[in-house]
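Asker: Below is the structure I would like to discuss, written out as structure tokens.
Bear in mind these aren't lab numbers, they're just calculated from the coordinates by the rules spelled out. Note that this is a predicted model, so its numbers are computed, not measured. Every residue, glycine among them, receives a Cβ derived from its backbone with ideal geometry; neighbour counts consider all protein chains shown.
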Amino acid sequence: MRDREFSVAMSESVDAQLRRHLLRIDGQEDLAFALWTPSSGSQRESALLHTVVLPQRGDRQVHGNVSFNPSYVERVTALAAREKCGIAFLHSHPGPGWQHMSHDDVVAESRLAGPVGAITGLPLVGLTTGSDGTWSARVWSRRGSRRYDRTWCRSVRVVGQQLGVSFAEHLAPAPEFREMFRRTVTVWGETKHADLARLRVGIVGLGSVGSVVAETLARMGLESLTLIDFDEVQPHNLDRSLGAGLDDVGALKIDVAARQIARASTAASVEVRRAPFSVAEGAGYRAALDCDVLFSCVDRPRARSILNHLAYAHLIPVIDGGIAVRFRDGRFAGVDWQLQTVAPERPCLQCLGAFEPSDVSTERDGRLDDPTYLAGLPADHRFKRNENVFAFSTNLASLEVLQFVALATGIAKMPNVGVQRFRYIPGTLEADTTRCCVEGCDSIALTGRGDEHFTLWGRDLAAEAARERQRAARGERSMPTG
């Protein structure tokens, strides 16, 4: 069985708070503790930092290096036990870049690991920041009755207006330059290209938009893609599914997309993880938790609400888009497509109106798959919109990838391009960077909390998944397409 991967994530606000404290003007090292909540994917364990516990007077000594007093540890462990959270120990080093550990660092963290694990039931997470804000991290796991071993984390992610990732080079080496992506690298440089290529990107929904996103990312040289979709190719999909032909009818959409990725990839090697599930199923949900970024190419409110939760509670940015075609008296009257990236420090999908909570409840109750219920709705009701054209999908997919590039590279110093809406009539692209969440938004309150307050699992989960599969087999769509 493959060893599980480890990662750490925090919001930009937590990162900023830690940097202000740890990166001292006088150049001396400093330390702090933080609380974290686990996020357990199918192959990756992430520690989500959400609460910084800064030292008070008498908690530590700064003397070029830095050391902590027992009273500080006692205060933090009591808080972690009360909040049912893990503990992270953080300190700074004077040099830039990814940091190794000194002998004193190893001794301090290994001695903390035992009592922290015993009190919290979760492993100690250690982090070091260099003078330029680059993070390195490790997890101290119990081996035997008294021994605790260190496992390095592949990455540390800072999520917000921009996505910043510090990679452990020995676990995630930068890709070697290849002639086939020379012109791509020219745009944002080799360093940014290396950051992009090493991201684990998930695509939820491999239909018209998702299939285009998948091939585009493959041609950009990304090395790890996760495909999440239970649906099979049907004849009515062939006019808008990239790479699918008549021979693929009945095949899983993720298998067709994986074949296209293998053909199109410019990376020296590309890993494609396939999850033939809905994101509302346990296996699909856990596959999404393995990702650094998610593309939401779905057409149902339930899936969007879950992805919205992942963006904030699990600190995984979600790039979402949808298409709405309008008719008047049975004739085409216009079409819009809208896209947005949601993450901490950005407005969520619910506050942006990308889904209605009442629609999520309607889907959960099974009424979106009830022909009697649908027959009673007006002909132009949003649950009955199912038109799409491949040209619309390719434009939306391109815009979504551009939002991804802005998020992950920050080129031109514009990581957040806002909510974008293309109006086919009169042919304009609008952008709004002023939107924000409403006061009291649940997404903000749950930032970095994992599944602590989220009821994904329920007795109706299997039934919901079965209804989704039946709907797909009938070729039905009931929301603006993604």
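Asker: On a 0 to 90 degree scale, rounded to 10, what angle separates helix 461-473 from the longest Cα axis of the chain?
Answerer: Compared with the principal axis, the helix lies near 40 degrees.
Asker: Additional query: For the chain, find the longest principal axis of its Cα atoms and tell me its angle to the long axis of helix 12-22, 0 to 90°, nearest 10.
Answerer: 10
Asker: When a/c reaches 1.5 or more, the comparison of a/b and b/c decides; with that in mind, is the range 5-167 rounded, prolate or oblate per its Cα gyration tensor?
Answerer: Since a/c stays below 1.5, the shape of the range 5-167 is classed as rounded.
Asker: Starting from the range 153-209, pick out the chymotrypsin sites (Phe, Trp or Tyr not before Pro) whose DSSP state is loop and whose Cβ has at most 16 other Cβ atoms within 10 Å.
Answerer: Here the sparse-neighbourhood loop sites are F177.
Asker: Can you match Kirkwood radius over Cα pairs in Å to one of these, (1) 23.6; (2) 26.5; (3) 22.5, based on a calculation from the structure here?
Answerer: Of the labelled values, this structure produces (1).
Asker: Then there's this: Check R44: other-chain or 5+ apart residues with amide H under 5 Å from its amide H, H built from backbone geometry?
Answerer: E5
Asker: I would also like to ask the following. From Cα pairs below 8 angstrom and at least 6 apart in sequence, can you work out the relative contact order of the chain, rounded to a whole percent?
Answerer: RCO, the chain: 15 percent.
Asker: Using the Cα centre of the range 5-167 as the reference point, and only Cβ charges (+1 on K/R, -1 on D/E), how large is the resulting charge dipole? Debye, rounded to the nearest 20.
Answerer: Dipole magnitude for the range 5-167 comes out near 460 debye.
Asker: Divide by every residue of the chain the summed helix terms, -39500 (n - 2.57) for each DSSP H run of at least 4, and state the resulting mean residue ellipticity at 222 nm, rounded to the nearest 500 deg cm²/dmol.
Answerer: Taking each H run of at least 4 residues, the total per residue is -10000 deg cm²/dmol.
Asker: Still on this structure: Along its three principal axes, how long is the range 183-308 when you only count alpha carbons? Whole Å, largest extent first please.
Answerer: The principal-axis extents, from largest down, are 40, 33, 20 Å.
Asker: Name the trypsin sites (Lys or Arg not before Pro) in the range 173-223 that are in a loop by DSSP and that have at most 15 other C-beta atoms within 10 Å, would you?
Answerer: Passing both the DSSP loop test and the Cβ count: R178.
Asker: Work out the length of the dipole vector of the range 286-363 about its Cα centre, built from +1 on the beta-carbon of each Lys and Arg and -1 on the beta-carbon of each Asp and Glu, and round it to the nearest 20 debye.
Answerer: Here the range 286-363 has a charge dipole of around 180 debye.
Asker: Could you list V14, V73 in order of exposure, starting from the residue whose Cβ has the fewest other Cβ atoms within 10 Å?
Answerer: Listing V14, V73 from fewest to most nearby Cβ atoms yields V73, V14.
Asker: Per the chain: cysteines with no other Cys C-beta under 4.7 angstrom?
Answerer: When partners are defined as cysteine Cβ atoms under 4.7 Å apart, the chain leaves C85, C153, C291, C297, C348, C436 without one.
Asker: If I take every Cα pair under 8 Å that is 6 or more residues apart in the range 207-305, average their sequence separation and divide by the length, what percent do I get for the relative contact order?
Answerer: With pairs under 8 Å counted, the relative contact order is 35 percent.
Asker: Specify the inter-centroid distance of the range 219-288 and the range 50-98, based on alpha-carbon positions, in whole Å.
Answerer: Spelled out, the Cα-based centre of one part sits 44 Å from the other.
Asker: Treating only the Cβ of Lys, Arg, Asp and Glu as charged (+1, +1, -1, -1), what charge dipole size does the chain show about its Cα centre? Round to the nearest 20 debye.
Answerer: The calculation lands at about 300 debye.
Asker: What does the charge count near V209 come to, summing +1 for each Lys or Arg and -1 for each Asp or Glu among other residues with Cβ under 11 Å from its Cβ?
Answerer: With Lys, Arg at +1 and Asp, Glu at -1, the neighbours total -2.
Asker: Right, something else. Within a 10 angstrom radius of the beta carbon, how do M101, M10, M180 rank from fewest other beta carbons to most?
Answerer: In increasing order of surrounding Cβ atoms, one gets M180, M101, M10.
Asker: Taking the beta-carbon count within 10 Å as an exposure proxy, list T434, T128, T191 from fewest neighbours to most.
Answerer: The order, fewest Cβ neighbours first, is T434, T191, T128.
Asker: Starting from the 7 Å offset along Cα-to-Cβ, what nm value, one decimal, do you get for the label separation of W152 and H103?
Answerer: Modelled inter-label distance: 2.1 nm.
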